[in-house]
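The values are calculated or read from the model by the stated rules, or taken from the named source; none is laboratory data. Here the structure is a predicted model, which means the values were calculated and not measured. Every residue, glycine among them, receives a Cβ derived from its backbone with ideal geometry; neighbour counts consider all protein chains shown.
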Amino acid sequence: MRHAVKPAFALLLVLALLVSSAFTVTAEAEAPYDELRKKWKDVLTGGTLYDPAIPEIAAKIGQIEETAIGYRDSLQRGTDRIDCNCLWTASSSELSARSYIFRSYDRIKAMALAYATHGSSLQYDDALKTDIIEALDWLNTNRFHSAKPGPGTSQWWFIEIGSPLRLGEIMVMMYDDLSPEQIAAWTAAIDYNSPLSYSSVEEYKYMAANRVWRAIVHALRGITGESSDKMIQARDGLSDVTDGRNGRFNVFEYATGGDGFYPDGSFIQHGIFAYNGGYGNSLLKDLSDVMYLLKGTPWEVTDPKSANVWKWVYDSFEPLLYKTGLMMDMVRGREVSRYNFQDSVAGHKATASIIRLSQIAPEADAARFKSLVKYLVGNDSGFYIDASIEMNWRAGEIVKDRAIPSRGDLFYNKVFSRMARAVHVRPGFGFGISMFSDKIANFENNFELRKGWYTGSGMTYIYTEDKEQYSDNFWATVNYNRLPGTTVDTKPRTVNVNESVHVNSDNRVGGVSDGKFGVVGMGLTAPGASGTSLKGKKSWFLFDDEVVSLGSDIRLDDQEAYTVETIVDNRKLNAAGDNALTVNGKAKLPSLGSEETMNKVSWAHLAGNVPKSDIGYYFPGGQTAVKGSRLARTAKWGDLNVNQRPSPDNPITRHYLTLWLDHGISPSNAAYQYVTLPNRTAKQTADYASKPDIRIVANSPDVHAVKEKRLGITGAFFWNNEKTTAGGITSNQVASVMVEEKDRVLTVSAADPTRANNGTIEIELDKKAIAVISADPGITVTETAPTIRFTVHAADSEGKTFQVKFRLSK
């Protein structure tokens, strides 16, 4: 039998249900923020799923404690803080700078990390907590609040991105120890200095990596202040934002100009700089982090273009990560001048980003990412030194998992046309070329890398088992007037604080690649600030285990006379500086301080610093005069970088072996040719010189051409928009062409290195074919006999490689 519910009881029941419902809604609304704060705290501290006694993690905890103790002990308190009006003492100019605010938050973050890290001896230390919170209160009262420091363009990054980012991270780690009033005041400071809406005038500052940093700022503000609007801004700020200067911008979308990722794998920042390993690296890290943070929440990234992120790993990062986890310096811009952020650290940062992406990527991509990580970390235990605690244990799990295969060594060639870079990798070495074009500047200074004048003038990098060749103070001590691979005049250069950058007035910069081999060229002009008229034509033929370097039409017409040189190599030696140099079978330059002009050089060999790091050099013709020196060089990081504080002020000495070709004073039509043989012994180099695999077909002002006899490949770089023939290849326009004949198949690859041909390139080969096997869109075959003729439709190709295959008769 049913019982009637009395009206009074019914009313109480309804009220109870309403209250219960209200609490449920509130709890559900709060839960995502609680979970997100924990999720991000685990990212920062490593969480609690690790054993602090594991040696690598114990070392990491020790570093965190040591850093925090250093900042805690130098922190000003009480009357000392009042007297200096500061948290940490500094010069008056440093105290007044906006960067001081960021540096203060950065130090407080280091203290908060020790306070919040599982296994730290300072975890939940009351005195440390008091220091952290009082320092944050002081900053909010004096330097960074809802009305200060106020609008301005000076050091804008520190105020609009850097300080809000650090404050958000600190609040996540200290959240349970903060009062509602502190949370409100500090989030108000973030809102004021990094507002939700963008200015159409200054939105240009927030492109590419800067925009992703902003997304992280908004996301941390959202989870600390529990603001759905900020979470939406974090997500939507990555996609389709319109501003008054740049039009629509989507972080995930490939760029067609300006900053961002390009389909060929290039990444550009600040409009004219190659920056995969710098800003691109930071973008990948923060983008992977914010996508991971928002995954599974109401604000998850759903932009279909976000799938491009997986492609970036394959196209823009993997080719530039050498097997010991090194990020190639030619895509790191001015960051190479930061003593504590050398190529291995940058590579480890990229590896950590790939680990993060493996947590959120589709299954197939996640599997490939883990395989890549296993290869990179398995070849480089140094990853654990640089990585966070979280990435330590995540990388360890991947390496130990027997179900995950290591990717293994790669065999590839790639030309990044848009950013004027090329890379050639074999299991035993990697070779990089850094150029500058009409769209890419020679170098970026901005108070850093102040001597980088020629880093874009064809500088070459040889990576071997010597993983410290370009770290261990290379950039502090190398002779910037003699960078390997470059052709330079000897006019003295001025070390300016913020020298203007220069693009190349010659647009013939780029090349062709079939994925295994390549031909790259650069029309050389002197960087504008040098004030000379130096011009020349440089090319590189990237074959199997050799790189052929050609140069022609090198001239200097200035009234002032200067010597012009091509630097074959400039290699950092071992601690004693006694690596053996052998020339034509004889020991040369035996001691530090040695210099010599060596005549009729056929081959040379330099012993490496570690096994499998020797380099051989072959000089076709055997009549080459090569100059060499073995010198100790002493310098300071502060000479190169005046922006990084503190910077080591101690003089550093490293030893270098330099080989170069002297083209004389004010040459009018100089040329050079040499072959680099990475990872070869002296005997292997001598054997190669006695029976070389290559033949120089042409090295003139009109065309450079080389035949690799063993591979059956002929490569050519045509310099003029007129019909020119070399090695059985004819082109009527500037072009880079490579022809491979193998098993009755003729494979032809061609590209427009100028990226400016709005028409076609006509190619003719002195062969006849019986059939066309395949042809890329954009190629029209017009004849297969008695010669082969085809047209490349180069308009809007942006330097891409076109390929066509023919069947030859028996």
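Sort out which residues of region 680-737 are among the basic types (Lys, Arg) and in a helix (DSSP H, G or I), and write them in order of number.
Narrowing region 680-737 to residues among the basic types (Lys, Arg): 680, 683, 691, 695, 707, 709-710, 723.
Once the filter is applied, which keeps residues that are among the basic types (Lys, Arg) and in a helix (DSSP H, G or I), region 680-737 yields only LYS683.
Can you tell which of ARG407, ARG418 is among the charged types (D, E, K, R), buried (at least 16 other Cβ atoms within 10 Å of the Cβ) and without any contact (Cβ under 8 Å) to a residue 40 or more places away in the chain?
Numbers: ARG418 fails: without any contact (Cβ under 8 Å) to a residue 40 or more places away in the chain.
Within the list ARG407, ARG418, the selection yields ARG407.
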Problem set entry | So VAL399, is it modelled with pLDDT of 95 or more, within 20 Å of SER344 (Cβ to Cβ), buried (at least 24 other Cβ atoms within 10 Å of the Cβ) and of a type outside the set (D, E, K, R) | no
Exercise. Pick from GLY628, GLY616: which is in contact (Cβ under 8 Å) with a residue 60 or more places away in the chain and crowded, with 19+ Cβ neighbours inside 10 Å?
Worked result: GLY616
Problem set entry | Every residue from region 764-791 that is closer than 20 Å to GLY511 by Cβ and under 32 Å from the mean Cα position of the chain (by Cα) | ASP776, GLY778
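Being closer than 21 Å to ALA795 by Cα, aliphatic (A, V, I, L, M), free of Cβ contacts under 8 Å to residues at least 60 places away in the same chain and crowded, with 23+ Cβ neighbours inside 10 Å: is that true of ILE729 here?
Numbers: closer than 21 Å to ALA795 by Cα: no; aliphatic (A, V, I, L, M): yes; free of Cβ contacts under 8 Å to residues at least 60 places away in the same chain: yes; crowded, with 23+ Cβ neighbours inside 10 Å: yes.
So ILE729 fails the test.
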Seminar exercise, completed: Quick count over region 314-327, residues being of a type in the set (Val, Ile, Thr) and not in a loop (DSSP other than H, G, I, E, B), is 0
For this session: Could you tell me whether region 626-646 includes any residue that is assigned to a strand (DSSP E or B), closer than 26 Å to PRO427 by Cα and not polar (S, T, N, Q)?
Result: no
Problem set entry | Within region 136-170, tally of residues that are part of a helix (DSSP H, G or I), out of contact with any Lys or Arg (no Cβ under 9 Å at 6 or more places or on another chain) and loosely packed, with under 15 Cβ neighbours inside 10 Å | 2
Exercise. Taking region 168-184 as the region of interest, how many residues are more than 14 Å from ALA135 (Cα to Cα) and aliphatic (A, V, I, L, M)?
Worked result: 4
Seminar exercise, completed: Note on region 758-780: residues assigned to a strand (DSSP E or B) and either crowded, with 16+ Cβ neighbours inside 10 Å or touching a residue at least 40 places away in the same chain (Cβ under 8 Å) (or both) are THR760, ILE761, GLU762, ILE763, GLU764, LEU765, ALA769, ALA775, ILE779
Exercise. Does region 801-808 contain any residue that is surrounded by 18 or more Cβ atoms within 10 Å (Cβ to Cβ) and in contact with a Pro (Cβ under 9 Å, 6 or more places away or on another chain)?
Worked result: yes
Problem set entry | Search result, residues across region 738-753 that are of a type outside the set (Val, Ile, Thr), farther than 19 Å from ASP506 by Cα and assigned to a strand (DSSP E or B) | MET738, GLU740, GLU741, LYS742, LEU746, SER749, ALA750
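Can you name every residue in region 255-314 that is hydroxyl-bearing (Ser, Thr, Tyr) and under 24 Å from LEU220 (Cα atoms)? Write out each step before concluding.
We begin by selecting, within region 255-314, every residue hydroxyl-bearing (Ser, Thr, Tyr); these are 256, 262, 266, 275, 279, 282, 288, 292, 297, 302, 306, 314.
Within region 255-314, TYR279, SER282, SER288, TYR292, THR297, THR302, SER306 qualify.
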Exercise. Is it the case that some residue within region 467-488 is part of a strand (DSSP E or B), surrounded by fewer than 24 Cβ atoms within 10 Å (Cβ to Cβ), in contact with a strand residue (DSSP E or B) (Cβ under 7 Å, 6 or more places away or on another chain) and not polar (S, T, N, Q)?
Worked result: no
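Yes or no: region 66-81 includes at least one residue that is within 16 Å of ARG394 (Cα to Cα) and of a type in the set (Gly, Ala, Ser). Break it down into steps so the answer makes sense when it comes.
Going through region 66-81, the residues within 16 Å of ARG394 (Cα to Cα) turn out to be none.
Among the residues of region 66-81, not one is within 16 Å of ARG394 (Cα to Cα) and of a type in the set (Gly, Ala, Ser), which makes the answer no.
Examine region 553-562 for a residue that is among the hydroxyl-bearing types (Ser, Thr, Tyr) and over 21 Å from ILE462 (Cα atoms), and state whether such a residue exists. Can you show your working first?
Going residue by residue through region 553-562, those that are among the hydroxyl-bearing types (Ser, Thr, Tyr) are 562.
Restricting the remaining residues to those that are over 21 Å from ILE462 (Cα atoms) gives 562.
Yes - at least one qualifying residue is present in region 553-562.
Per-residue answers, yes or no, for (1) assigned by TED's automatic domain parsing to the domain that holds VAL512; (2) closer than 30 Å to TYR412 by Cβ; (3) outside any loop (DSSP other than H, G, I, E, B):
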residue	(1), (2), (3)
TRP540	yes, yes, yes
SER549	yes, yes, yes
ASP553	yes, no, yes
ASP558	yes, no, no
VAL564	yes, no, yes
ILE567	yes, yes, yes
ASN570	yes, yes, yes
ALA575	yes, no, no
For this session: Just need a number here: residues in region 143-180 that are without any contact (Cβ under 8 Å) to a residue 24 or more places away in the chain and either among the acidic types (Asp, Glu) or not assigned by TED's automatic domain parsing to the domain that holds LEU283 (or both).
Result: 1
Seminar exercise, completed: Picking from THR725, THR714, the residue that is in the same structural domain as ASP796 (by TED's automatic domain parsing), farther than 19 Å from ILE779 by Cα, in contact with a strand residue (DSSP E or B) (Cβ under 9 Å, 6 or more places away or on another chain) and of a type in the set (Ser, Thr, Tyr) would be THR725
Exercise. For region 344-385, how many residues are in contact with a Lys or Arg (Cβ under 9 Å, 6 or more places away or on another chain), modelled with pLDDT of 95 or more, assigned to a loop (DSSP other than H, G, I, E, B) and of a type outside the set (Val, Ile, Thr)?
Worked result: 2
Exercise. Just for region 330-355: of the residues that are among the charged types (D, E, K, R) and buried (at least 24 other Cβ atoms within 10 Å of the Cβ), which one is nearest to the chain's Cα centre (by Cα)?
Worked result: ARG332
Exercise. Among TRP186, TRP138, TRP157, which is within 18 Å of GLN76 (Cβ to Cβ) and among the aromatic types (Phe, Trp, Tyr)?
Worked result: TRP138
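Report yes if some residue within region 738-747 is within 30 Å of ASP438 (Cα to Cα) and in contact with a Gly (Cβ under 8 Å, 6 or more places away or on another chain); otherwise report no.
Looking only at region 738-747, we keep the residues that are within 30 Å of ASP438 (Cα to Cα), and these are 738-739.
Now restrict to residues that are in contact with a Gly (Cβ under 8 Å, 6 or more places away or on another chain): 738-739.
Yes, the conditions are met somewhere in region 738-747.
Conditions tested, residue by residue: (1) farther than 18 Å from ARG744 by Cα; (2) among the acidic types (Asp, Glu).
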site	(1), (2)
THR782	yes, no
ALA785	no, no
ASP796	yes, yes
SER809	no, no
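If we only count helices (runs of 4 or more DSSP H) wholly inside region 63-135, which ones have 3 or more residues that are out of contact with any strand residue (DSSP E or B) (no Cβ under 9 Å at 6 or more places or on another chain) and surrounded by 13 or more Cβ atoms within 10 Å (Cβ to Cβ)?
On the way: elements: 78-84, 92-96, 98-116.
Ranges flagged: 98-116.
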